[in-house]
Every structure is written in structure tokens, then in C-alpha cells.
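Structure record follows, encoded as C-alpha cells.
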Amino acid sequence: MDKFPTIKQSPNPVASYIECSRQQLERDNLVHLDMRISPPEQESLDRIHIEQEVAPFNSYGPVTEGLVPRLAEYLSAMGRNDRADIEHVAAIIYRLASGVQTGFRKDASWVTVRISLPTSAFDIPRWHPDGGYFRTEVKTYKLVATLRGDQTLFGKVADQEAYRQLEEAERENRTRNQDDPDALEAEDMRIRKELAHIIEPINAPHTGEATVYLVGDEDAVIHSEPPIREPRIFVSVLPGSREQIGEWRARSE
């Protein structure tokens, strides 16, 4: 059965690109796409001041135009910015979320925005695949995009046996040290250092590109936050049915 029914004359370029790239997605598990950021939108992104971190924004459910004012209110907390610039950024995020939901023919999405200040927390990459977010028998894909700052890293495993052993060590660490934060962090850092030797980076998205990749599968794409050297605006969109997004919300909140 065709998992991605043809979209006819979609007005959203993100939706159209996802539809056109479905064979590549099923073959490579990852595609980069042009976010089609207009010159005025880029000027707004360049002007944005990120003066403080803000708790992550999360929206669960159908992506509608009502998302835009909610995003604008959230983004206004990151610094002193012109309202028009904030609205441009909100419009980009809405276009991405709406396009992903339409492109995969879903009726709901989990939309996340994270605003970060420079940190050394990811100088050693946190290589990992995304597990299953909800019950499904078909492949699930997620979009990530960095509107300001360094791009998400993507990689592939160079030594499968070593990777399997480190995955097991990570599971054991979460179980054994769940009540000992210091021991948990120390072992996590050891594992991250080992992973850095067996994960080979692959082409990262360029500025102005978003990435759609496979999650919740044995072939789920490995990725990590980049070293964050400058203020960052990061967006992710996970499309699904209303029931699936509701299931994930219940598990994550």
C-alpha cells in the first residue's frame, strides 16, 4: 500500500518536497530540503537577538494558523526584538510544521522549539537514534531545522559490534545509576567519548536547509546536537495521527 499518497498542487513547498522525495527517504532514510526562507525572513533571522534561554515550546495536535500567535508569544521571551521580526520567525516555523503534516498526510504533529545560548554540553557529540514515539506499523519520519546557529550533526556507524556494546552500556547506565546523577553523567560521558570514535559524520544540512529523517526503526538515523557556539533556534516536527500524537503527549508530559 502507498504510505504517502500523492499530494496534488500543494501550496506548501515543504509538503511538495516531502512528496517528491519519498523514494529517496525510503532508500536513504534522510533528506535535506530547502526551507525556502525569503529575503525578508532571512533579514529578520539575522536581526533577531537571543538574550536568554527559554523553556522549550511544545505543541501537540493539528497544526493550524492558530499556532502562529502562540509561537510569536513564545519567541518574544528570548530577547528585545521587533514584532515583525518575531512574526517572520513564527511564520517560518508554521510553514515547516504545516508542510510536514501535509506532506505525510497526517492530521496532527508534535512541534518543538528550543532556544539555546552557547554551551560546552555538546562539545563531545551525543550520538543517538530516536526511538519509537508511538505505536505504528509504518515508518515514521521527523523534521529538524536550525533557524539560527549551528546545524544538527548526522552520522553513520563504522563499527557495528562496538556500537551494539555501547548501546547496551547506555541501557545499563540508565538502570544502574538512575538514582545517582553524578555516576549517571560520568558513565554517559565515557560512552559519548567512545561513540565519537566509531561514528562517522555524514553531510550535515547547509544553512537554510531542514532535514527529514527516519525514527523509531532499526535503521533510525543517528544524530547529535552540534557544539553550540552561538545562540541557537532549533525546531523539530513529528507528524502523526491525532491518536498517535496524543499517545506521545501522555508519555512525555
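The values are calculated or read from the model by the stated rules, or taken from the named source; none is laboratory data. What you see is a predicted model; the values in this text were computed from it and never measured. No Cβ is skipped: glycine too gets one built from the backbone with ideal geometry, and neighbour counts run over all protein chains shown. Please note that ligands, DNA and RNA were not included when accessible areas were found on the heavy atoms of the full protein model with its side chains. Shrake-Rupley method; radii C 1.70, N 1.55, O 1.52, S 1.80 Å.
Measuring nothing but how far apart in sequence close Cα pairs (under 8 Å, 6+ apart) lie, relative to its length, the chain scores a relative contact order of 32 percent.
Hey, any idea what % of the chain's accessible area is carbon plus sulfur with a 1.4 Å probe? After summing per-atom areas, the C and S share lands at 46 percent.
A Förster distance of 25 Å, applied to the separation of the beta-carbon atoms of HIS206 and ASP46, puts the FRET efficiency at 0.95.
When the solvent-accessible surface of protein heavy atoms is calculated with a 1.4 angstrom probe, in what order do GLU170, GLU243, GLU137 fall, highest first? Write out the running numbers ahead of the final one.
On the way: GLU170 65, GLU243 135, GLU137 190 Å².
Highest to lowest solvent-accessible surface, that is GLU137, GLU243, GLU170.
With all protein chains in place and ligands, DNA and RNA left out, the 1.4 Å accessible area ranks ARG126, ARG229, ARG192, ARG95 as ARG229, ARG126, ARG95, ARG192, largest first. Less than 5 angstrom separates the built amide H of ILE222 from those of GLY155, all sequence-distant by 5 or more or on a different chain. Counting only Cβ charges, +1 for Lys and Arg and -1 for Asp and Glu, the dipole size of segment 1-143 around its Cα centre is about 500 debye. Only protein heavy atoms count here; on that basis, with a 1.4 Å probe, SER120 has an accessible area of about 80 Å².
Only loop residues by DSSP count here, and only those with at most 16 other Cβ atoms within 10 Å; note down the GluC sites (Glu not before Pro) in segment 50-82 that meet that. Write out the running numbers ahead of the final one.
Working: sites: GLU51, GLU53, GLU65, GLU73; in loops: GLU51, GLU53, GLU65.
The qualifying sites are GLU51, GLU53, GLU65.
Figure note: HIS128, HIS197, HIS88 ranked by solvent-accessible area, largest first, 1.4 Å probe, ligands and nucleic acids not counted: HIS197, HIS88, HIS128. Spin-label pair ASP219-ARG80: with each label point 7 Å from Cα along the Cα-Cβ axis, the two points sit 5.2 nm from one another.
Could you compute the FRET efficiency for ARG242 and GLN24, with r as their C-beta to C-beta distance and R0 at 25 Å, rounded to 0.05? Intermediate results must be reported in sequence, preceding the final value.
Working: r = 28 Å, r/R0 = 1.12.
After rounding to 0.05, the efficiency reads 0.35.
Across segment 1-145, C-alpha contacts under 8 Å between residues 6 or more apart give a mean separation that, scaled by the residue count, equals a relative contact order of 32 percent. Taking 0.36 nm per residue of separation and subtracting the current Cα-Cα distance, fully stretching the chain between ALA250 and ASP107 would add 49.7 nm.
For segment 40-81, which trypsin sites (Lys or Arg not before Pro) are both in a DSSP coil and crowded by at most 14 other Cβ atoms within 10 Å? Mind dumping the intermediate values first?
On the way: sites: ARG47, ARG70, ARG80; in loops: ARG80.
Passing sites in segment 40-81 are ARG80.
Dipole check for segment 59-122: with +1 at the C-beta of Lys and Arg, -1 at the C-beta of Asp and Glu, and the Cα centre as origin, the magnitude is about 180 Debye. In segment 164-246, Cα pairs under 8 Å separated by at least six residues give a relative contact order of 16 percent.
Given the choices (1) 12.5; (2) 14.1; (3) 18.0, mean projected area of the Cα convex hull in nm² derived from the coordinates of this structure is entry (2).
Averaged over its residues, segment 63-188 has an accessible area of 50 Å² per residue, based on protein heavy atoms and a 1.4 Å probe. Each of VAL221, VAL54, SER76 was placed along the dipole of the chain (beta-carbon charges, centred on the mean Cα), and the one lying farthest toward the positive end is SER76.
Taking square-rooted eigenvalues a ≥ b ≥ c of the alpha carbon gyration tensor, is segment 119-253 rounded, prolate or oblate, where a/c under 1.5 means rounded and, failing that, a/b exceeding b/c means prolate? Provide the component values of the computation, followed by the final result.
Working: a/c = 1.44, a/b = 1.12, b/c = 1.29.
Rounded, because the longest to shortest axis ratio a/c is under 1.5.
Extending 7 Å from Cα along the Cβ direction at ASN58 and again at HIS197 yields two label points whose distance is 3.6 nm. Each part gets one Cα centre, and for segment 34-99 versus segment 172-190 those centres are 36 Å apart. In order along segment 38-46, phi translates into HN-Hα couplings of 6, x, x, 5, 5, 4, 5, 4, 5 Hz, rounded to whole numbers, per the Karplus curve 6.51 cos²θ - 1.76 cosθ + 1.60 with θ = phi - 60° and x for Gly and Pro.
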